[in-house]
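J.: Pasting a structure here, questions to come.
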Amino acid sequence: MDRQSSKEAIQMFILYIIFGLIVLGAIGAGNSLRIVKQYERGVVFRLGRVTSEAKQPGMTAIVPFVDKLEKVNLQIITMPIPAQEGITRDNVTVRVDAVIYFKVVDPRRAIVDVENYQLAVGQVAQTSLRSIIGQSELDDLLTNRERLNQGLAIMIDNPAVDWGVHIDRVEIKDVALPESMKRSMSRQAEAERERRSRVIIADGELQASNKLAQAAEAMADTPSALQLRLLQTIVEVAAERNSTLVL
């Protein structure tokens, strides 16, 4: 009886061992399998060192408790740049905000060479935006944004290349002016419209005087034409006043 119970105990112990091995195998398999999405790449650290190739999209296997997989998003990231205040080259205080579009092109460098590539890009973008404000005049910020956008993208892309990041484009969103400058620009625009109006009126008077001079020369050569013009004017005046003219 004791021998039978001892045999059953041994069998139960073996079953427990097998069950434990199955559980450990399942846990190990779960820890070794990773899924990398289509827009991601996987950087594997093996005992703290980066392996040569980044893992491509799909299911990939790593060594449990030895490898660590870091996923890197390769999609274009849209990051707003907070409004930066600065003084333009013509001594005008403005606040300018922008938006930057960038993506990771080298996952390994983006993970290894910089601690947080998004934070780094954001800080460089803010510094570059303040630099652009100081190098530009107010008219450039208001009317020549395309050139400034290109220059800003180049300034940000230079350090970002070393981090495995490519700057797709940068767009200046808004330029906030002081109220006094807005009123000054409004008065300037009004004065410009008034100047154009006076120029148009003066040009019309000049053209009219030239036509009158030509008409006077023609009438001086033909006295009868001058008399006919005088009679026509008298008739027009009489018609306007609704009166009868007797000559």
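J.: Which residues, counting only those in the range 39-60, are surrounded by 14 or more Cβ atoms within 10 Å (Cβ to Cβ), more than 34 Å from the chain's Cα centre (by Cα) and of a type outside the set (Val, Ile, Thr)?
T.: Correct list: Phe45 only.
J.: Continuing with the same structure: Looking at Val36, Val96, Val92 in this structure, which one is assigned by TED's automatic domain parsing to the domain that holds Val124, aliphatic (A, V, I, L, M), within 31 Å of the chain's Cα centre (by Cα) and at pLDDT below 85?
T.: After applying the criteria, what remains is Val92.
J.: Determine which member of the set Ile167, Ile156 is at pLDDT 80 or above, touching a Phe, Trp or Tyr at 6+ places or on another chain (Cβ under 9 Å), assigned to a helix (DSSP H, G or I) and surrounded by 13 or more Cβ atoms within 10 Å (Cβ to Cβ).
T.: Answer to the selection: Ile156.
J.: Okay, moving on. So in the range 116-134, with the set limited to residues that are under 10 Å from Leu152 (Cβ atoms) and of a type in the set (S, T, N, Q), which one is surrounded by the most Cβ atoms within 10 Å (Cβ to Cβ)?
T.: Ser128
J.: Within the range 61-84, which residues are part of a loop (DSSP other than H, G, I, E, B) and either over 33 Å from the mean Cα position of the chain (by Cα) or farther than 30 Å from Ser128 by Cβ (or both)?
T.: Of everything in the range 61-84, those that are part of a loop (DSSP other than H, G, I, E, B) and either over 33 Å from the mean Cα position of the chain (by Cα) or farther than 30 Å from Ser128 by Cβ (or both) turn out to be Ile62, Val63, Pro64, Phe65, Val66.
J.: Would you check if there is a residue in the range 137-160 being outside the structural domain of Val50 (by TED's automatic domain parsing), under 17 Å from Val72 (Cβ atoms) and not charged (D, E, K, R)?
T.: yes
J.: Out of curiosity, is Asp203 surrounded by fewer than 12 Cβ atoms within 10 Å (Cβ to Cβ) and modelled with pLDDT of 85 or more?
T.: no
J.: I'd like to check something: does the range 133-143 contain any residue that is within 30 Å of Lys71 (Cβ to Cβ) and of a type in the set (A, V, I, L, M, F, W, C)?
T.: no
The values are calculated or read from the model by the stated rules, or taken from the named source; none is laboratory data. Because the structure is a prediction, the values reported are computed rather than measured. All Cβ positions, even for glycine, are placed from backbone atoms using ideal geometry, and neighbour counts span all protein chains on display.
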